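*Asks:* Sharing a structure below in structure tokens format, with a few things to ask.
The values are calculated or read from the model by the stated rules, or taken from the named source; none is laboratory data. The model shown is predicted, which means the values in this text are computed figures rather than measured ones. A quick note on method: Cβ atoms are made from the backbone with ideal geometry, for glycine too, and the neighbour counts reach across all protein chains shown.
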Amino acid sequence: MASGLILLSVIAAAGAVAGVVSGLLGIGGGIILVPALLYVFGAMGYHFDQIMQVCVATSTGTIIFNSLRAIHGHSKRGAVDFGLMRSWGPFIAIGSVLGVLVATALHSRELQLVFGCIGFALGFYMAFGRRDWRISDVLPGPWLRSVYASLIGFFSAIMGIGGGSFTVPLLSAYNVPPHRAVATSSGFGLLISIPAFVAFLASGWRLEGRPPYTLGYVNLPAVALITLASTLTVPLGVKLAHRLSPAQLRVVFACTILVLAGNMLRKALIG
């Protein structure tokens, strides 16, 4: 009981910090939460082989609620492209489930290595990528769209993130206006997180040594606490964001991802 209470309080604090960072940087929080959960569970003595999968699955659960809240807010302003969600959605969902299947087949260190490498790529793009770079002025056709959507779902599920770090740059490269790209990305996050969350719940039932109240790979108290904490602290991050220029925010975002990805790689390679 004492171990469970300590676990809940520490995770609540991690969720509050993730909420501030999410509001500040405009990301769903998964890129912050997965390393935070890995640290918390490790500090509590959970070092079994697939602890990284528990972190990714738990982060995925929080994305559902954050995406719903974001979609509600953006749709009031008419910024969500529901047609785009319908056309990309089935392939995103398929890629998401495939990502869960691959993630659950890996060892924890292997998943940490994947997370760290992709995180580094995202960080370098944010630091050095050109925001005015374009692939085309029109959205891709059915075949290429299915490939993009499947890959977004796949890699997002493996990392436990909402996909905004992939989707916003991609849609922007196809000349989708920034606000529309960000708003529609929230919808993609819902399409990623729901099938991934169900798949993670259905997996891992024979896994031994899991944290308390973990169903499948998902730690339900952590999902509830992180969702509550982030709801309370996201507004603070938003206020801080308005005090920084877009260029400064981009640097903060890139540096944050690079630090977290670098630490994840260190854990994967050194331990």
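*Asks:* In the set Ser87, Ser96, which member is among the polar types (S, T, N, Q), modelled with pLDDT of 90 or more and surrounded by fewer than 16 Cβ atoms within 10 Å (Cβ to Cβ)?
*Replies:* Values: Ser96 fails: surrounded by fewer than 16 Cβ atoms within 10 Å (Cβ to Cβ).
After ruling out the rest, the residue left standing is Ser87.
*Asks:* Is it the case, given these coordinates, that Ser203 is among the polar types (S, T, N, Q) and buried (at least 22 other Cβ atoms within 10 Å of the Cβ)?
*Replies:* Numbers: among the polar types (S, T, N, Q): yes; buried (at least 22 other Cβ atoms within 10 Å of the Cβ): no.
It is false that Ser203 is among the polar types (S, T, N, Q) and buried (at least 22 other Cβ atoms within 10 Å of the Cβ).
*Asks:* Looking only at helices (runs of 4 or more DSSP H) that lie completely in segment 9-116, which have at least 2 residues being closer than 20 Å to Leu236 by Cα?
*Replies:* Values: elements: 30-43, 51-76, 82-105.
Where helices (runs of 4 or more DSSP H) fall fully within segment 9-116 and carry at least 2 residues being closer than 20 Å to Leu236 by Cα, they are 30-43, 51-76.
*Asks:* Name the single residue, out of those in segment 117-132 being touching a residue at least 12 places away in the same chain (Cβ under 8 Å) and not in a helix (DSSP H, G or I), that is farthest from Asn175 (Cα to Cα).
*Replies:* The selected residue is Gly129.
*Asks:* Also, quick follow-up: From (1) aliphatic (A, V, I, L, M); (2) under 14 Å from Gly61 (Cβ atoms); (3) in contact with a Gly (Cβ under 7 Å, 6 or more places away or on another chain), pick out the condition that doesn't hold for Leu220.
*Replies:* That leaves (3) as the condition not met.
*Asks:* While we're here: For segment 188-203, indicate whether the set of residues that are at positive phi and not hydrophobic (A, V, I, L, M, F, W, C) is non-empty. Outline the logic, then answer.
*Replies:* Of segment 188-203, the ones at positive phi are none.
Within segment 188-203, none of the residues are at positive phi and not hydrophobic (A, V, I, L, M, F, W, C).
*Asks:* Could you go through segment 233-247 and let me know if any residue there is at pLDDT 90 or above, surrounded by 15 or more Cβ atoms within 10 Å (Cβ to Cβ), within 19 Å of the chain's Cα centre (by Cα) and of a type outside the set (Val, Ile, Thr).
*Replies:* Initially, segment 233-247 is screened for residues at pLDDT 90 or above, giving none.
So far as segment 233-247 goes, no, none of its residues is at pLDDT 90 or above, surrounded by 15 or more Cβ atoms within 10 Å (Cβ to Cβ), within 19 Å of the chain's Cα centre (by Cα) and of a type outside the set (Val, Ile, Thr).
*Asks:* Given the residues Val138, Val147, which is the only one that is of a type outside the set (Asp, Glu), over 30 Å from Phe48 (Cα atoms), at pLDDT 95 or above and out of contact with any helix residue (DSSP H, G or I) (no Cβ under 7 Å at 6 or more places or on another chain)?
*Replies:* Val147
*Asks:* Return the only residue of Pro178, Pro169 being surrounded by fewer than 16 Cβ atoms within 10 Å (Cβ to Cβ) and on the phi < 0 side of the Ramachandran plot. Steps first, please.
*Replies:* Working: Pro169 fails: surrounded by fewer than 16 Cβ atoms within 10 Å (Cβ to Cβ).
Of Pro178, Pro169, the one residue that is surrounded by fewer than 16 Cβ atoms within 10 Å (Cβ to Cβ) and on the phi < 0 side of the Ramachandran plot is Pro178.
*Asks:* So for segment 136-145 (the condition being assigned to a loop (DSSP other than H, G, I, E, B), of a type in the set (Val, Ile, Thr) and under 23 Å from Leu101 (Cβ atoms)), does at least one residue qualify? Working first, answer last.
*Replies:* Initial filter on segment 136-145 (assigned to a loop (DSSP other than H, G, I, E, B)): 136-141.
The next check asks that each one be of a type in the set (Val, Ile, Thr); those that pass are 138.
Then drop every residue that is not under 23 Å from Leu101 (Cβ atoms), which leaves none.
Scanning segment 136-145, I find no residue that is assigned to a loop (DSSP other than H, G, I, E, B), of a type in the set (Val, Ile, Thr) and under 23 Å from Leu101 (Cβ atoms), so the answer is no.
*Asks:* I've got another one for you. Restricting to segment 146-171, count the residues that are β-branched (Val, Ile, Thr) and part of a loop (DSSP other than H, G, I, E, B). Show your work before the answer.
*Replies:* Filtering segment 146-171 for residues β-branched (Val, Ile, Thr) gives 147, 152, 158, 161, 167-168.
Retained after the next criterion (residues that are part of a loop (DSSP other than H, G, I, E, B)): 161.
Residues that pass the stated criteria total 1.
*Asks:* Every residue in segment 165-197 that is within 13 Å of the chain's Cα centre (by Cα), over 14 Å from Ile71 (Cβ atoms) and at pLDDT 85 or above, please.
*Replies:* Phe166, Ala196, Phe197
*Asks:* Would you please name the residue that is farthest from Trp88 (Cα to Cα), looking only at residues in segment 106-151 that are surrounded by 16 or more Cβ atoms within 10 Å (Cβ to Cβ) and β-branched (Val, Ile, Thr)?
*Replies:* Val114
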